[in-house]
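A quick write-up on the structure given underneath.
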Amino acid sequence: MSMRRVAFVLVDGIGDVSIPELGWKTPLEAASTPNLDAIATAGISGLMDPVEPGLACGSDTAHLSLLGYDPRQYYRGRGAFESLGAGLAMSPGDIAFKSNFATMDDGTGVVTCRRADRHFEEDGPIFCAALDGLKLPSFPAYEVRVRYATEHRCGVVVKGPGLSGNISGTDPLKDNRLLEVVVPLDESDEAKHTAAVVNELSLELRRILSDHPLNAKRQSAGKAIANVVLLRGCGIRIQVPSFNEKHGLRSCMVAPTKIIAGLGLSLDIAILDAPGATGDYRTLLTSKANAIAKALAAPLERPPNVFVPGEDDAKPGWSEGYDFGFLHIKAIDDAGHDKAVKLKKLAFEAVDKMIGQLARMLWEAECRGAGQFSLCVTGDHSTPVEYGDHSFEPVPFTICHLKDFVKTKGEDTVLSSPLEAFRLPGTTEDSSWTYETHGPKPCDVHGDGVTSFSELSAARGVLGRFPGSEMMGIIKKYMQLDTC
């Protein structure tokens with residue numbers, strides 16, 4: 001039997017609400033997405049609450065839930081995910097923070113801008129190098145590690161005795177609010193001690209940044225200075241069964257967004273390199289599709305979908321193939337946070353173009369006998385542009401077999417998808433974009449009657465409305481189903 005494998009595309013912040021300037025459509029409804037529509041036509045759809053109905057969840061808890069790990073049981077704060085993804089090692093007893101470079105008014109202590117600069121890829125590593133290894137005068141036994149992550153973010157790890165993850169952070173979570181003082185969240189001596197350590201850490205981070213010559217250079221250039229690091233999501237590294245052990249699927253991930261990469265590492269998911277994939281608006285989506293297609297098409301010398309406890313994946317005879325390829329896309333969420341209506345719509349069209357490229361590469365591999373592939377697309381939460389933040393609306397979910405996608409689109413159309421690399425519209429001077437305008441055509445595919453991919457159309461799908469904890473079961477079951 002041919003190996004059955006799935007390309008899982010997660011569009012961060014996918015959901016939205018109806019917007020007047022788009023004719024009371026959501027950005028996803030308003031976008032031209034013939035490839036996403038073809039997946040819905042060829043397969044089955046539904047609406048998914050990533051964690052539970054009515055919960056505006058974060059990406060970290062949502063991803064845990066979707067991948068089969070109850071966040072109520074396993075979640076230990078997002079700081080460890082960000083820091084691990086940034087490349088910082090963590091040992092038992094270490095604590096970590098997901099952190100922002102931000103701007104604060106030194107006179108009032110008010111954080112005027114929680115994001116000093118989204119385009120921080122040049123200055124961020126310089127600041128991090130200055131902060132890495134800083135000493136805490138009152139707590140010389142503790143080691144501090146700082147590493148640049150993505151955009152305005154960095155990972156911060158504190159190593160030393162008697163630390164607790166049960167403390168608050170310094171991030172006020174909104175602009176024009178006072179910098180928070182860290183407090184213990186329980187009555188333990190460890191939490192009280194850790195709060196004192198982190199408050200001094202916050203002070204030392206501000207001292208070093210305020211004196212850094214790069215901030216003077218930024219100020220003279222009219223840019224926002226980065227004179228404070230906001231510490232939030234204090235956490236420890238989680239100890240959980242690996243994704244392979246839990247689901248019997250050898251998995252890989254393309255996720256330049258460090259918090260998602262760190263979560264993947266926590267589940268022993270292999271992190272693939274995709275040159276030019278940045279986790280922001282400048283990302284090369286084609287590079288992500290190419291990395292996932294190559295990984296899923298590689299041979300895997302073991303029985304399909306069988307995990308053998310204790311086996312070493314690196315032993316002779318095992319190759320670099322994977323059953324489950326996770327492709328994460330962040331830019332849609334950024335557009336929601338930035339309240340960029342038109343950009344979110346155009347970004348969906350860019351994602352759709354990437355889906356066409358991914359489908360072509362996988363279909364060429366399937367024709368070579370590399371396996372039987374499925375395509376699955378969903379999101380981790382809604383980020384409506386009207387709100388600029390996460391909300392509780394459910395997200396659309398769709399999955400189909402690749403061969404049914406090809407029947408729906410037509411093989412010639414699938415194989416004619418251009419594979420040239422491209423960036424999101426609005427991030428380069430070249431804005432001459434063209435997309436396919438034809439949608440799914442009548443064919444002998446037996447789907448569930450849904451013919452477009454959006455929040456409203458997914459609600460009519462055969463899957464109905466379901467919690468994210470059921471998602472992996474649906475995917476694994478569907479991978480094994482033959483079509484009529």
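Of note:
- Listed by chain and number, the lysines placed with their C-alpha closer than 26 angstrom to that of Lys135 are Lys98, Lys159, Lys192, Lys217, Lys258; residues fewer than eight positions away on the same chain are left out.
- In the range 1-100, the chymotrypsin sites (Phe, Trp or Tyr not before Pro) that fall in loop regions by DSSP, at most 13 other Cβ within 10 Å: Trp24
- Working note: 222 nm ellipticity from helices only, DSSP H runs with n ≥ 4, each -39,500 (n - 2.57), summed and divided by the residues of the chain, gives -9500 deg cm²/dmol to the nearest 500.
- Net +/- balance of residues flanking Ile167 in space, Cβ distance below 12 Å, scoring K and R +1, D and E -1: -1
- Each Lys or Arg adds one and each Asp or Glu takes one away; over the other residues whose Cβ falls under 9 Å from the Cβ of Arg237, this sums to 0.
- For the chain, the spread of Cα positions along the three principal axes, ordered from largest to smallest, is 71, 55, 38 Å.
- Per residue, the convex hull spanned by the Cα atoms of the range 80-235 amounts to 103 cubic angstrom.
- Among the trypsin sites (Lys or Arg not before Pro) in the range 344-399, those placed in a DSSP loop whose Cβ has at most 13 other Cβ atoms within 10 Å are Arg368.
- Taken along the Cα-to-beta-carbon direction at a fixed 7 Å, the label points for Asp338 and Ala196 span 4.4 nm.
- Other residues whose C-beta falls under 12 angstrom from the C-beta of Pro184 contribute a net charge of -3, scoring Lys and Arg +1 and Asp and Glu -1.
- Under a 5 Å amide H cut-off, with hydrogens placed 1.01 Å from N, Val51 pairs with Gly468 among residues at least 5 apart or on other chains.
- When DSSP beta bridges are restricted to pairs lying wholly in the chain, around 60% turn out antiparallel.
Since every read-out is calculated from the coordinates, none of them should be taken as a lab result. These figures come from a predicted structure and were not determined experimentally. Ideal geometry is used to build each Cβ from the backbone, glycine not excepted, and the neighbour counts take in all protein chains shown.
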